[in-house]
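Note sheet for the following structure.
The values are calculated or read from the model by the stated rules, or taken from the named source; none is laboratory data. As the structure is a computational prediction, the values presented were derived from the model and not from experiment. Ideal geometry is used to build each Cβ from the backbone, glycine not excepted, and the neighbour counts take in all protein chains shown. The protein model used for the area step is the full one, side chains on, heavy atoms only, and it has no ligands, DNA or RNA in it. Shrake-Rupley method; radii C 1.70, N 1.55, O 1.52, S 1.80 Å.
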Amino acid sequence: MTMTTTKAPATAMPNALTSGKLPKYSPLWLLAGAFALSIAIFAVVDAAGGEAFNWAGMAVLAVVLFCVLIWLISRLVEGGRKATDRLVTALVSSAFAIALVPLISVTYTVIVKGVARFDLSFFTESMRNVVGAGGGALHAIVGTLLITGMATLISVPIGLLTAIYLVEYGRGRLARGVTFFVDVMTGIPSIVAGLFAFALFALLFDDPGIRFGFGGAVALSVLMIPVVVRSSEEMLKLVPNELREAALALGVPKYLTVLKVVLPTSIAGIITGVMISIARVIGETAPLLIIAGFTASMNYNLFAERMMTLPVFVYNQYASQGTDAQAYLDRAWTGALTLILIVALLNIIARLVAKFLAPKGLR
Amino acid sequence: MSKRIEVNDLNVYYSSFLAVEGVSLTIEPRTVTAFIGPSGCGKSTFLRTLNRMHEVIPGARVEGEVLIDGNNLYGAGVDPVLVRRQVGMVFQRPNPFPTMSIGDNVLAGAKLNNKRMSKSEGDDLIEKSLRGANLWNEVKDRLHMPGSGLSGGQQQRLCIARAIAVNPEIILMDEPCSALDPISTLAIEDLIEEMKQEFTIVIVTHNMQQASRVSDRTAFFNIAGTGKPGKLIEYDDTTTMFSNPSVQATEDYVSGRFG
Ligand SMILES: Nc1ncnc2c1ncn2[C@@H]1O[C@H](COP(=O)(O)OP(=O)(O)OP(=O)(O)O)[C@@H](O)[C@H]1O
Ligand SMILES: [Mg+2]
């Protein structure tokens, strides 16, 4: 049996498609090197000047060093195009790292300081008759959930129906007008929303000192509706026109097409948008301070009496510290931590719901 | 069950732009009619006016009349929804509903209209329509799977099954095979041949062989130049159109000597 084998030529021909290439992990080594160099420089300089070690300055210098080094080395080994690629990669990654710094810093601080009072009584007690240490934020948690929940109940139908009008039905001047005013609403400062709700209900009930939870929900709705409209509009626009045409061509009336084809196709995105809008308003302080007021007691009734909310609780603990200042500060931090946890939880739920409802088999 | 279409002096506009001018033709029941012509000459535009689907496009409007068994589609008080239940449409790109299973896609016309239907009735309709679209054997074991998980050709046949499930009189097809391989194309051409027994079929195609294979009559559309309206140049039996057409432009187009 004969076998024809193609033997490799004795002298390896250079492949015309290869070019110089840095080893795989060289950028990481280079980054470590840049940091080491920068630390050395700052250690010497700061020690000479008798100052404390300058961490921020060290990091900036290290990043600049890294960018210059990677560009130079890559240019020598790999050529101009690769060098530009490496440089831009370095810049983009540093921008990302810079954006992460405040996020990590805030999360870290809130967790470290908030953990002191993260105990059972914080979630089971109100601040009624508490001076000094102890007490909890149950009244504020309940208030936040009630007011935000009511705001969602008001905003989602209005916002979603507006978006459906704009995408499916709106033509001409009315639609342009609505779009314009939604844009304007997006820019309303939250304090103005609070004053609006306050003025509205003060006039309606002829009570210049009116404070109640529902007013807070109305104020939050003013902030929330434009966000819901905008995000739902984008999601509805993503539904391919072919699906609408397919349904219409089957003799399905337009309202059923919207209800049973367009909405189910975009529901995952719409829910995500609603969750984002909730996250946007749940931390609002100013409007709630005006129209929902603050209190130390439980209040489950949205329609009467002042109602505490978490952001106002945090503000209040910080602003009016008693003799035992540390107890107030601890409660404020734990309140902030709770708020962040609630938002995180909502986001996780939204993701799960979106994943569950997303059209299957697509993409 | 199928019906005759009569078009009298139809003009179609997109806002102020006249896209199709002065079309008059008659399509007999239980025939296959092919529309051919260069790109942009208004075949799709004209086809859509046969079930008022052009109204979905903002600014599109028509002048003239389209009669289906003597009833004017554009008469006062005509409900486009009822028109579309009689005149179904299959689009160039397969568009099954991504939120629905294969079975539900077939039943979409009934389900989206909130029609009540027992499970066994539904199953029968699914099987009948899928058999009618030559798809039953390929999907009968996965009716509950999403329709978007099928191949392009299967999706297109699913769309045809969906269209025939609402039991229309007339089926319009806008380049139904342009995204398909030759085998799926052949499957759909065979299908059209069978469907002719029950429905009146109008098909737009860029494929001359396809037009000559499947159609009984052929209409040739053309435009004088960009920005000019499309016109019906010649309309005759397919054999005549491809062997000795009476207009020179038709002969140039079908023999590939165009332009
Ligand atoms: N939505 C629209 N708005 C405005 N003008 C349109 C629209 N759709 C099509 N037209 C115009 O109408 C004319 C006819 O278009 P049409 O889509 O009917 O052509 P066609 O014959 O189907 O072409 P093809 O073979 O490429 O599908 C073209 O000049 C086109 O630019
Ligand atoms: Mg077309």
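Values computed for the structure shown
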{"item": "Matching option when the condition is away from ligand 2 (no atom under 16 Å from the Cβ) and in contact with a strand residue (DSSP E or B) (Cβ under 7 Å, 6 or more places away or on another chain), among B:E55, B:E63", "result": "B:E63"}
{"item": "Within region A:248-309, helices (runs of 4 or more DSSP H) holding 1 or more residues that are of a type outside the set (G, A, S) and more than 14 Å from every other protein chain (Cβ to nearest Cβ)", "result": "A:263-282, A:286-291"}
{"item": "Residue in region A:197-206 that is of a type in the set (F, W, Y), within 14 Å of chain B (Cβ to nearest Cβ), surrounded by fewer than 18 Cβ atoms within 10 Å (Cβ to Cβ) and part of a helix (DSSP H, G or I) present", "result": "no"}
{"item": "Total residues in region B:31-52, condition within 11 Å of ligand 2 (Cβ to nearest atom), within 12 Å of chain A (Cβ to nearest Cβ) and among the hydrophobic types (A, V, I, L, M, F, W, C)", "result": "1"}
{"item": "Hits in region B:214-225 (condition: surrounded by fewer than 20 Cβ atoms within 10 Å (Cβ to Cβ) and farther than 19 Å from B:D252 by Cα)", "result": "B:D216"}
{"item": "Boolean, B:G230 is modelled with pLDDT under 95, within 21 Å of B:V66 (Cα to Cα) and of a type in the set (G, A, S)", "result": "yes"}
{"item": "Selection count, region A:88-99, where residues are surrounded by 11 or more Cβ atoms within 10 Å (Cβ to Cβ) and either closer than 16 Å to A:A56 by Cβ or not polar (S, T, N, Q) (or both)", "result": "6"}
{"item": "Residue under evaluation B:T200, criteria (1) surrounded by fewer than 19 Cβ atoms within 10 Å (Cβ to Cβ); (2) more than 16 Å from ligand 1 (Cβ to nearest atom), criterion not met", "result": "(1)"}
{"item": "Matching entry among B:R213, B:R257 (being over 26 Å from B:N11 (Cα atoms), in contact with an Asp or Glu (Cβ under 9 Å, 6 or more places away or on another chain), among the basic types (K, R) and assigned to a helix (DSSP H, G or I))", "result": "B:R213"}
{"item": "Among (1) within 16 Å of ligand 2 (Cβ to nearest atom); (2) more than 22 Å from B:V87 (Cβ to Cβ); (3) within 14 Å of another protein chain (Cβ to nearest Cβ), the one test that B:P176 misses", "result": "(2)"}
{"item": "Selection status of B:A133, crowded, with 22+ Cβ neighbours inside 10 Å, more than 16 Å from ligand 1 (Cβ to nearest atom) and more than 11 Å from every other protein chain (Cβ to nearest Cβ)", "result": "yes"}
{"item": "Residues of region B:95-114 satisfying the condition of being within 21 Å of B:E194 (Cβ to Cβ) and at the interface with chain A (Cβ under 9 Å from one of its Cβ atoms)", "result": "B:G109"}
{"item": "Tally of residues being assigned to a strand (DSSP E or B) and touching a residue at least 60 places away in the same chain (Cβ under 8 Å) across region B:234-254", "result": "1"}
{"item": "Count - residues of region B:13-48 that are polar (S, T, N, Q) and either over 17 Å from B:G88 (Cβ atoms) or in contact with a Gly (Cβ under 9 Å, 6 or more places away or on another chain) (or both)", "result": "6"}
{"item": "Condition check for A:A327: over 28 Å from A:E234 (Cβ atoms) and open to solvent by 40 Å² or more (accessible area, probe 1.4 Å)", "result": "no"}
{"item": "Sole residue being facing chain A (nearest Cβ under 10 Å) and not hydroxyl-bearing (S, T, Y), chosen from B:M117, B:M89", "result": "B:M89"}
{"item": "Single unsatisfied condition, A:K21 versus (1) surrounded by fewer than 16 Cβ atoms within 10 Å (Cβ to Cβ); (2) part of a helix (DSSP H, G or I); (3) of a type in the set (K, R)", "result": "(2)"}
{"item": "Scope region B:216-233; condition part of a loop (DSSP other than H, G, I, E, B) and either within 14 Å of another protein chain (Cβ to nearest Cβ) or away from ligand 2 (no atom under 16 Å from the Cβ) (or both); matching residues", "result": "B:D216, B:A224, B:G225, B:G227, B:K228"}
{"item": "Tabulated pairs, region A:32-55, first within 17 Å of A:S94 (Cα to Cα), second at pLDDT 85 or above and of a type outside the set (G, A, S), C-beta under 7 angstrom, 6+ apart or interchain", "result": "A:A34/A:L65; A:A34/A:F66; A:A34/A:L69; A:S38/A:M58; A:S38/A:L61; A:S38/A:L65"}
{"item": "Strands (runs of 3 or more DSSP E) enclosed by region B:1-118 - at least 1 residues per element that are surrounded by fewer than 19 Cβ atoms within 10 Å (Cβ to Cβ), of a type outside the set (F, W, Y) and more than 16 Å from ligand 1 (Cβ to nearest atom)", "result": "B:5-14, B:17-27, B:60-68"}
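For every residue, the table says whether it meets (1) within 16 Å of ligand 1 (Cβ to nearest atom); (2) open to solvent by 70 Å² or more (accessible area, probe 1.4 Å).
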{"residue": "B:K128", "(1), (2)": "no, yes"}
{"residue": "B:R142", "(1), (2)": "no, yes"}
{"residue": "B:L150", "(1), (2)": "no, no"}
{"residue": "B:A161", "(1), (2)": "no, no"}
{"residue": "B:I164", "(1), (2)": "no, no"}
{"residue": "B:P176", "(1), (2)": "yes, no"}
{"residue": "B:P182", "(1), (2)": "no, yes"}
{"residue": "B:T185", "(1), (2)": "no, no"}
{"residue": "B:M195", "(1), (2)": "no, no"}
